[in-house]
1. Whole number please: convex hull volume per residue, Cα atoms of the chain, in Å³.
2. Calculate the translational D of region 6-191 in whole µm² s⁻¹ from Stokes-Einstein, where the hydrodynamic radius comes from the Kirkwood formula applied to all Cα pairs, the temperature is 4 °C and the viscosity 1.567 mPa s.
3. Can you flag which of LYS179/LYS227; LYS139/LYS187; LYS193/LYS227; LYS179/LYS282; LYS193/LYS317 are past 31 Å Cα-Cα?
4. Please work out the FRET efficiency for the pair VAL314 and LYS139, using the Cβ-Cβ distance as r and a Förster radius of 51 Å; give the result to the nearest 0.05.
5. With θ set to phi - 60° and the Karplus curve 6.51 cos²θ - 1.76 cosθ + 1.60, what are the ³J(HN,Hα) couplings of region 272-278 in order, to the nearest whole Hz, using x for Gly and Pro?
6. Multiplying the sequence separation of ILE199 and GLU103 by 0.36 nm and subtracting their Cα-Cα distance, what value in nm do you get?
7. Under a cut-off of 22 Å between alpha-carbon atoms, report the lysines in cross-link reach of LYS36, not counting same-chain residues fewer than 8 places apart.
8. If you take every DSSP beta bridge fully contained in the chain, what fraction is antiparallel? Give it as a percent rounded to 5.
Amino acid sequence: MMNSAVIGCIGAGRMGRGIAQCVAYAGHEIRLLDAKARDAAAFETFKADALKEIEQALASMAALGAFDAGVLPTILSRVSVWPLEDAAAALTDVTLVFEGVPEVEDAKRDAFALFDAHAGDDAILASTTSTMLSTHLAKLTRHPERFLNAHWLNPAFLMPLVELSPADETSPETLSATKTFLESIGKVPIVCKASPGFIVPRIQALAMNEAARLVEEGVASAEDVDKAVTYGFGLRFGVLGLLEFIDWGGGDILYYASNYLAKAFEDERFAPPDIISENMEKGRIGLKSGAGFFDYAGVDVDAYREKRMAAFLVALKGAGLVRPPVA
């Protein structure tokens, strides 16, 4: 699939256009299939708008120094937009089809029917849904073994992460091939079970709601809450993952802090989950005990810390926050 693959996308809206930028930039042909029936004039307008948006987005990245603008015509030549009535021609020889229609089951059902009717016997169908579970959507296709969810983060061209969520029927070959393709175009695929919110939306929903509560309760201004996130959370968790950070500081600190907050606010949303309490009982509290969420047996802890501190320094320099010492 990695060598000059032909990729399809059912739905030529915002997500489809973002995926088209990534796929074409990586050297593959991508066909955007309009999921709505339109008359010829309306389709030509839609097509022109889609291609213009893709061109402008890529041109903006080139202007910011992401790549040489001279290759833009070559990238754009790999993108085509097809009317719904040409679905058979658009999908007949694709290897991977992304579904990017609105988050409405009927729209998904129609898109999946197009895949079933026109895609080849080896083609993979990947829904970009951010809300519907793969275990539910798999029932909408006759080929659930070749289906999975592939949740891209916006903006698709810049954000490397893609959350893959296979259904129970998804074959190992389908998951492996999708991961391999995404990695080949510079993405970072991760795998999670079918669960509401996947990983990123579930974590960020809690964080965003808590930030809003801080403003609602008058604890801090919106400006200061966002500064706390930008210069605290953003820099910290751009280097350390959340679970890695628990191990870095110590799971015992999180355990005691969580119980304190739960009591102070009289709200169980702050209470530590069972896994934190269980790790405490087992003495798995992170780096200082040799194990936590991760196993540090055989790890040169000093070298590990130095590597992470170097990454912090790079992040600080990128944010323009490193100052020379006062002589």
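1. 203
2. 79
3. LYS179/LYS227; LYS193/LYS227; LYS179/LYS282; LYS193/LYS317, as the Cα separations exceed 31 Å there.
4. It comes to 0.65.
5. Computed from phi, the couplings for region 272-278 are x, x, 4, 5, 5, 5, 5 Hz.
6. 32.7 nm
7. Answer for LYS36, where 22 Å is the Cα cut-off: LYS47, LYS52, LYS108, listed by chain and number.
8. 25
Coordinate-derived values only; no laboratory data. Everything numeric here is computed off the predicted structure, so don't read it as measured data. Please note: Cβ atoms are built from the backbone with ideal geometry, for glycine as well, and neighbour counts cover all protein chains shown.
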